[in-house]
Each structure stands twice: as C-alpha cells, then as structure tokens.
Amino acid sequence: MMQEAVIQVRNVHKSFKTVHAVRGINLEILSGQFVALLGPNGAGKTTMVEMIEGIQKPDSGEILITGKQWKGHEKEFRRIIGLSLQETRFIDKLSVFETLRLFASFFSLGPQRCEEVMNLVGLEEKRQSYVVNLSGGQRQKLALGVALLNEPKILLLDEPTTGLDPQARREVWMILNKLKEASSTSLILTTHYMEEAEQLCDYIVIIDHGKILKEGTLKDLLGKSSADIEKKQEYHGPPRNLDELFIELTGRHLNE
Amino acid sequence: MNKLRNSQLWQLILANARELLREPAVLFWGIGFPILMSIGLGAAFTKKKDVTVTIAVIGHNHLLHSQQDSVSVIRTFLLKNKAVLIIGKDGTISRELNVPDEKLGGTTYIFRELNWNTAMTMLKRGNLNLVIDENQGHLRYNFDPMNPDAQLIYLKFSKLMNDPDLIIRPSETEIQPLTVTGTRYIDFLIPGLVCMGVMMSCMWGVSYDIIEKRSKKLLRRMVATPMKRSNFLVALITVRISMNFVESGLLVLFAWLVFHITIQGSIPALLLFFISGNAAFAGIAVFLSCNTSKTEIGNGLINLVSMPMMVLSGIFFSYHNFPAWSIPAIQKFPLTMMADGVRSIFIEGAGFAEIIVPSVIMLTIGVIFFTAGLKIFKWH
C-alpha cells in the first residue's frame with residue numbers, strides 16, 4: 001500500500017529584501033516519515049519550515065498539507081500540526097505544568113494529557129518549576145512537550161537541540177525515537193548537526209543557499225556520493241559521514 | 001595606527017557605534033525624544049516674561065470702580081496700580097495687574113470676582129490657588145498651606161499689599177487655611193494619581209507585555225495553535241483592568257484612611273467612568289504594540305505617549321499653568337479627560353450627567369484605537 005504524502009512542497013521560492021532564502025525547493029514527506037533538513041546556518045531551513053508551518057507565505061510555488069492548501073484550512077491544520085520554533089521563550093513565571101495546561105487549553109485538552117506529555121518528555125520532577133528556572137535542555141524538552149500535546153500528525157522542529165550539551169541532546173533524541181516507534185507522526189526537523197539527522201531521520205535533505213544539494217536515505221547519500229566522486233577527479237574513498245559529504249559538495253563544514 | 005585599528009577596544013567601539021547608528025529608531029528615542037520632551041517641559045517651566053496667576057476675590061464691587069460703595073482695600077489697591085478691568089461676554093468681571101520683575105520674571109495677577117462656591121470649585125480643579133475674602137477692610141487669605149504654589153502667591157501678593165503708598169490699608173489680615181476635604185492639594189492629587197496609574201498600567205501591562213511576547217516569539221508560538229487571537233487580547237486586557245480596579249481601590253482606601261478623602265459624587269458614575277478610561281488606555285496600548293517586536297522601540301513608544309500626558313494632563317499640578325493656547329489641546333488628551341472627570345466625581349460631587357459625554361468619548365477612543373491596532377496587528 002502506498003503511503004500518503006502529508007506534506008508536498010512544489011517549486012517554492014521565498015525572498016526577503018536582498019536575500020533569496022529559498023530557491024525552488026521540492027519536497028514530499030510521507031506519513032510516519034522522519035525527515036531532516038540539514039544545512040549550515042543561513043541555508044534557508046528555517047524559512048522553509050516556517051512556510052510549511054504557515055507562518056511565512058511563499059513568493060511562488062505551492063505547499064500542500066494533507067493535499068490541501070493553507071488558505072481556507074488554517075484552523076484544520078493548526079489542530080494537526082505540532083511545532084517547536086527556534087528559540088521560543090515561554091512565560092518565565094509559569095510552571096512547567098501551567099505552561100502545558102495553557103497550551104493544552106488551545107486544543108481543548110485537559111490535565112490528563114499534560115500529565116502524559118510531562119512523563120513522555122521526562123519533566124515530571126520539574127512539574128512545579130518556573131520556566132525561568134529550567135536549564136536549556138529542560139526548556140527544549142518543554143518546547144517539545146508543548147509541540148506534542150495535540151498528538152500531531154505533523155511535527156515540525158526547528159533546531160530542537162541547538163545549544164544543548166551532548167547529554168541533553170541525546171535525551172531529546174530518545175524522546176523522538178520513542179515517538180517514532182509509538183505513533184505515525186511525520187517529522188520535519190531542521191538541524192546543522194549531522195549526528196541528529198543520522199540518528200533520527202529516515203530521509204535527509206541537504207540544503208544550502210536555499211537549494212537542495214542532495215537528498216535521500218543516509219545510505220543513499222553516502223553511497224551515491226562516492227560513486228559521483230569516483231567518476232570525477234581523484235578519489236580518496238567515500239565520505240564517512242554527512243559532514244564530509246557536505247564538504248565535498250560545498251567546500252565548507254556543516255556547522256560553519 | 002594599524003595597531004589601534006586592530007585593537008579589541010577599537011573594534012568593540014566601532015561595533016557598538018555602528019549598531020547604534022544603524023538603528024534609526026534607537027537614535028530617535030535617544031536623541032529626538034529627549035529634545036521633544038525638553039521643548040514640552042520648557043514651555044511649562046522655563047522662566048517666562050510673565051507668570052500668570054489667578055486670584056479669586058469674593059463678593060461684589062471689589063473690582064468695579066464705584067463711588068457709592070463702601071471702601072474696599074482690594075479695589076483701592078487695584079485702582080492705584082491701574083489694573084486693567086476686563087468684563088467677559090458672560091458678564092464675568094476681572095482685573096489684570098502686571099507686576100514686572102527683571103530678576104525673577106514678571107507676574108500677571110488676574111483677579112476674578114467670584115462667589116464662594118465657584119471659587120471653591122475652581123480651587124478644587126486647580127484653576128486657582130488663593131481666595132481673598134474682604135469684609136470692611138479686613139482681608140482674609142484662604143489657601144491650602146500645604147500647597148507651595150498657593151503659599152508663594154500669597155507671599156507675593158501680600159508683599160504688594162504692604163506697599164507704604166497704599167492709601168487705604170487693610171485694618172487686619174488673616175490667613176484662613178483651607179483644609180476641608182476637596183480643597184487640599186491631596187484632594188487634587190489622588191484622583192490624578194488614580195488615572196495616571198490606569199494609564200501606566202495599561203501601557204506597560206498591555207503594550208509592553210505584547211511586545212515582549214512578540215520579541216520572545218511566544219506570540220508566534222501561540223497563534224500556531226488553534227488559540228483564538230481575540231481570546232489572547234481579551235484575556236490580557238481583562239486581567240489588566242481587574243488589576244487596575246484593585247490598585248486604584250487600594251490607593252483610594254489608603255487616601256480615605258490617611259487623608260480622609262471621600263468620594264463626594266456618584267459611585268456608579270465613577271465605576272462607569274473608570275471602565276471608560278481603562279477602555280481608552282487599553283485600546284491605545286493595543287495600537288501602540290500592534291507592530292513592533294523590539295522592546296527598545298516599545299519602551300520609546302510608551303514613553304512618547306505616556307510622558308507628555310503625565311506632564312501636561314494636570315496630574316501633579318493644574319494644566320492651567322501651561323500657555324492658554326495649549327489648554328484646549330491638553331483637554332483633549334485621554335488622561336486629561338479622565339483626570340478631570342474623576343476629580344469632578346471625587347471632589348465636586350459630579351454624577352452621570354456630568355461624566356456621560358467624556359465617558360462616551362473615552363470609550364470611542366478605546367474602540368477606535370483597538371480596532372485600528374487589530375487591523376495591522378503583527379502576530380508573527
């Protein structure tokens with residue numbers, strides 16, 4: 001049986017004043033698929049995700065969510081999308097539980113769901129803690145918890161682990177891996193950490209300067225690249241990871 | 001030279017200067033706004049050619065020249081000093097006396113013949129500070145001894161009255177301190193403070209709160225859910241207005257306990273008027289915060305709106321101290337409207353009839369600004 005495409009991005013362009021942020025991107029994300037938009041800072045990942053979220057409008061091209069356009073279906077989409085923006089700061093003087101309660105109310109959900117989410121993201125012990133007193137990792141877990149409240153069909157995470165220490169990053173990955181096993185949620189996450197894309201995602205889209213440079217599964221990407229390179233100049237062996245692949249494609253590191 | 005250019009400190013200075021100069025809004029708030037404030041405040045407090053003070057003279061025929069009347073010390077004084085007689089279209093009688101002073105600046109005294117009730121009303125509104133009451137050569141100066149302006153006017157005027165060339169001198173003078181409720185400076189101040197509190201609370205509690213949430217991307221995060229946008233604003237305004245009720249209530253309670261201030265007019269009218277004032281400022285606050293996500297700009301916008309009103313709207317002193325040409329404009333400020341209305345209920349005993357028009361105007365201001373703000377409101 002063919003899997004349903006929950007997100008379709010067709011030849012999308014977006015510019016801001018002097019910056020052409022997205023230049024003709026095409027994407028298709030299937031139900032239950034975990035997709036990474038991998039690229040360095042300023043590659044156009046966030047703009048792309050914000051257009052999928054409906055926060056930005058494309059200058060040209062088309063974005064379809066479950067086969068429908070944003071226009072006229074905003075309410076419906078808001079109910080099925082969960083998201084975590086880059087650097088969102090919640091209300092400092094609300095506790096973890098109060099923050100979840102607030103956002104749960106927007107989806108007409110009660111405290112039971114908040115308890116479940118608190119358990120899922122491992123913040124039970126921080127239930128009464130004010131947001132201002134949480135560590136970076138805990139805040140990120142809270143943002144993830146808020147994104148998961150409505151059991152979203154589509155989860156959009158913009159740099160969910162940027163600035164976190166390796167331990168906190170692994171904890172976030174564990175939560176997402178659990179989600180992958182337990183639900184049919186489709187995930188798009190933007191990242192410039194190759195390990196994140198490798199660990200979490202079935203499909204990786206490498207973006208730079210608003211364009212897709214390469215896309216495919218991890219195996220495909222590394223394999224294809226070595227073949228491509230063999231045909232060209234001198235070959236010193238296939239890239240061992242996505243960063244090496246990125247260097248070969250652009251001459252730069254992912255996290256430059 | 002290269003060493004200097006490459007130094008950390010120089011590069012840091014350059015970076016900071018560029019950051020500042022490349023943000024025109026910051027430049028405006030840093031340079032333009034203080035200049036505008038200095039112009040406004042300068043108009044009010046800079047040494048002027050003439051300071052104009054109004055003095056009420058109680059009773060009849062103290063100002064008009066009339067041979068058949070009994071002797072009046074005030075009239076004699078005014079006639080001797082050639083004070084100009086002015087009869088208003090509405091029959092009001094006043095005399096204007098200009099006393100030049102090269103060093104301290106001149107003073108123009110406007111003596112208005114009033115009955116006691118009108119004089120008290122004007123005193124409560126801060127339109128005058130000294131009431132003179134003459135009875136057969138016996139002068140009584142009525143003023144609030146706690147009001148420094150009133151003391152100064154009394155001292156300056158009584159000095160003039162001690163002129164040795166004055167043909168008729170008062171047989172006796174007496175100071176009558178006005179400490180009855182409604183005529184003291186504190187009676188004037190408390191309603192003004194209540195209104196200023198409402199304005200500041202709406203500006204910072206609604207406007208700044210929205211801008212801060214926008215700058216933290218929390219607003220964007222919230223509207224990415226099925227949250228109704230109107231609910232967000234209604235909740236914010238409701239909480240703020242409720243807080244304003246509590247804050248103002250506590251201030252009035254304190255003023256009642258400590259200064260024995262009472263509300264002489266209609267309490268239901270006061271509640272209606274208070275809600276209208278809150279609505280006006282909440283609407284203005286939403287409009288102010290509708291577009292910017294920079295807290296520095298928000299800060300500046302709030303100051304731009306609230307500071308002039310705080311200075312000009314007669315919160316701490318009567319706006320009649322400002323030039324006459326500016327008063328009609330000052331009276332149209334929402335804070336002036338609210339302060340005048342709340343004062344009239346507190347100290348003049350006003351009811352619905354007196355406040356219904358400004359109430360409707362303030363509600364309309366609130367609705368217009370709220371609607372306009374909502375039209376261009378930036379949620380993302």
Exactly one condition in (1) within 14 Å of another protein chain (Cβ to nearest Cβ); (2) in contact with a helix residue (DSSP H, G or I) (Cβ under 6 Å, 6 or more places away or on another chain); (3) farther than 20 Å from residue A:161 by Cβ is not met by residue A:54; state its number.
(2)
Residues of region A:68-87 classified as touching a strand residue (DSSP E or B) at 6+ places or on another chain (Cβ under 6 Å) and in a strand (DSSP E or B), total
4
Count of residues meeting criterion [open to solvent by 50 Å² or more (accessible area, probe 1.4 Å), assigned to a loop (DSSP other than H, G, I, E, B) and away from chain B (no Cβ under 14 Å)] in region A:57-67
1
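So which residues in region B:110-142 are of a type in the set (Phe, Trp, Tyr) and in contact with a helix residue (DSSP H, G or I) (Cβ under 7 Å, 6 or more places away or on another chain)? Walk me through how you get there before you give the answer.
Initial filter on region B:110-142 (of a type in the set (Phe, Trp, Tyr)): B:111, B:116, B:141.
Residues satisfying the conditions are B:111, B:141.
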Name the helices (runs of 4 or more DSSP H) wholly within region B:241-351 that hold at least 2 residues that are at pLDDT 90 or above, among the aromatic types (Phe, Trp, Tyr) and more than 20 Å from residue B:186 (Cα to Cα)?
B:267-288
Which of (1) more than 14 Å from chain A (Cβ to nearest Cβ); (2) in contact with a Cys (Cβ under 9 Å, 6 or more places away or on another chain) is the odd one out, the single condition residue B:210 does not satisfy?
(1)
Look at residue A:44 and say whether it is in contact (Cβ under 8 Å) with a residue 12 or more places away in the chain, within 11 Å of chain B (Cβ to nearest Cβ) and among the small types (Gly, Ala, Ser).
no
Would you check if there is a residue in region B:343-353 being free of Cβ contacts under 8 Å to residues at least 40 places away in the same chain, open to solvent by 10 Å² or more (accessible area, probe 1.4 Å) and either touching a Cys at 6+ places or on another chain (Cβ under 9 Å) or over 21 Å from residue B:249 (Cβ atoms) (or both)?
yes
Within region B:293-317, how many residues are open to solvent by less than 10 Å² (accessible area, probe 1.4 Å) and among the hydroxyl-bearing types (Ser, Thr, Tyr)?
2
Candidates A:49, A:12, filtered to the one that is within 14 Å of chain B (Cβ to nearest Cβ), touching an Asp or Glu at 6+ places or on another chain (Cβ under 8 Å) and of a type in the set (A, V, I, L, M, F, W, C):
A:49
Could you grab the pairs with beta carbons closer than 8 Å, sequence gap of 6+ or different chains, first residue in region B:213-224 and facing chain A (nearest Cβ under 7 Å) and in contact (Cβ under 8 Å) with a residue 40 or more places away in the chain, second one among the charged types (D, E, K, R) and open to solvent by less than 20 Å² (accessible area, probe 1.4 Å)?
B:220/B:214
Would you pick out the residues in region A:87-99 that are of a type outside the set (Val, Ile, Thr), open to solvent by 30 Å² or more (accessible area, probe 1.4 Å) and at the interface with chain B (Cβ under 8 Å from one of its Cβ atoms)?
A:87, A:89
Only residues in region B:73-89 that are closer than 18 Å to residue B:171 by Cα count as the first member; pair them with residues that are open to solvent by 30 Å² or more (accessible area, probe 1.4 Å) and assigned to a helix (DSSP H, G or I), Cβ under 9 angstrom, at least 6 apart or cross-chain, and list the lot.
B:77/B:160
Per-region count, region A:167-206, residues touching a strand residue (DSSP E or B) at 6+ places or on another chain (Cβ under 9 Å), acidic (Asp, Glu), open to solvent by 10 Å² or more (accessible area, probe 1.4 Å) and more than 18 Å from residue A:154 (Cα to Cα)
1
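Could you name every one of the strands (runs of 3 or more DSSP E) located completely within region A:100-211 that has at least 3 residues being within 14 Å of chain B (Cβ to nearest Cβ)?
Numbers: elements: A:154-158, A:186-191, A:203-208.
Here the list reads A:154-158.
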Residues of region B:223-259 satisfying the condition of being among the polar types (S, T, N, Q) and loosely packed, with under 15 Cβ neighbours inside 10 Å:
B:230, B:231, B:238, B:242
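The values are calculated or read from the model by the stated rules, or taken from the named source; none is laboratory data. Because the structure is predicted, anything quoted here is derived from the model rather than measured. We place every Cβ from the backbone using ideal geometry, glycine too, and count neighbours over all the protein chains shown. Heads up: the accessible areas ignore ligands, DNA and RNA and are worked out on the full protein's heavy atoms, side chains in. Shrake-Rupley method; radii C 1.70, N 1.55, O 1.52, S 1.80 Å.
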